[in-house]
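Visitor: I have a structure here, written as structure tokens, and I will follow up with some questions on it.
Values quoted throughout were computed directly from the atomic coordinates according to the rules given, and no laboratory measurement underlies them. It should be emphasised that the depicted structure is a prediction, and the values quoted were computed from it without experimental measurement. All Cβ positions, glycine included, derive from the backbone under ideal geometry; neighbour counts span all protein chains shown.
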Amino acid sequence: MKIIRSLHAIYIGLWFILLFMVFFPLLLIPIAFRKYHKLTGVFNRSWAHLFFTLTFYPYKVTCHPYLDKRSQYIFCPNHFSYLDIPTMGLNPVNSIFVGKNDMERIPLFGFMYKKLHITVDRESMKSRYTTMIRSAEAIDQGKSLMIIPEGGILSKDVPIMHRFKDGAFRIAIEKQIPIVPVTIPNNWIILPDNSLLPKLRLLKVIFHQPIKTDGMTLQNVDNLKQQTYDIIDAELKRHFNEDR
């Protein structure tokens, strides 16, 4: 079984590289012409659907009916696995990532990621401040954002999430746009943080009902953060109990 999983991991890696090389020339369009920024989401979504299909992963995307593909949101998913980032490519709303700057070091991929998405060095206060400014500017440009509220894979007791940081919720309130809680229930089982050998299992992602921020002030950050946490936590517990 370990040999089969090792071969599957190599197969997945090859498809990841091959699909990136196919899509890289297309991604140069929104890099060169910023008015076409929505193509970033279109290409991410196409890449994700092809990637999971070609690597034999069954997947299911569930969206709340009130999620409007033409609206702006800040998406907040739980994060237990490196598989979560490709999974968020299945987002039906064209969006960009706000994430750690580690991926900037990867040849070609790092160039693309830095140009199309917003990166942050979480160890630098200046970088965190700049990221907040750039995120607000991206909202003003009509973009939707995907921000991991835990700040990375930090939980020591999966599937219990690490406490949420304030950033996503401050931006949502300042710009008066909705937060969308996102639950990714199975990726920590499919590809645990401490393993490179994936398991075959149904991959799920649930986009919950948007939480409106109309009329909220920064005094509501903690309440908004807790409401988002509770929605995702309840869904994680539901799946965990179903799978036991």
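Visitor: Of the DSSP beta bridges with both residues in the chain, give the percent that are antiparallel, rounding to the nearest 5.
Guide: Within the chain, antiparallel bridges account for around 20 percent of the total.
Visitor: Over region 173-214, what is the relative contact order in whole percent, taking alpha-carbon pairs under 8 Å and six or more residues apart?
Guide: 57
Visitor: What percent does the relative contact order of the chain come to when contacts are Cα pairs within less than 8 Å and at least six residues apart?
Guide: Here the relative contact order equals 25 percent.
Visitor: Treating only the Cβ of Lys, Arg, Asp and Glu as charged (+1, +1, -1, -1), what charge dipole size does region 2-243 show about its Cα centre? Round to the nearest 20 debye.
Guide: Values: 30 positive and 20 negative charges, 116 e Å.
I would put it at about 560 debye.
Visitor: So which of K69/K204; K115/K237; K38/K156; K126/K204; K199/K225; K60/K126 end up more than 28 Å apart by C-alpha? It would help to have the intermediate numbers written out before the result.
Guide: Working: K69/K204 19 Å; K115/K237 37 Å; K38/K156 36 Å; K126/K204 36 Å; K199/K225 32 Å; K60/K126 39 Å.
From K69/K204; K115/K237; K38/K156; K126/K204; K199/K225; K60/K126, over 28 Å: K115/K237; K38/K156; K126/K204; K199/K225; K60/K126.
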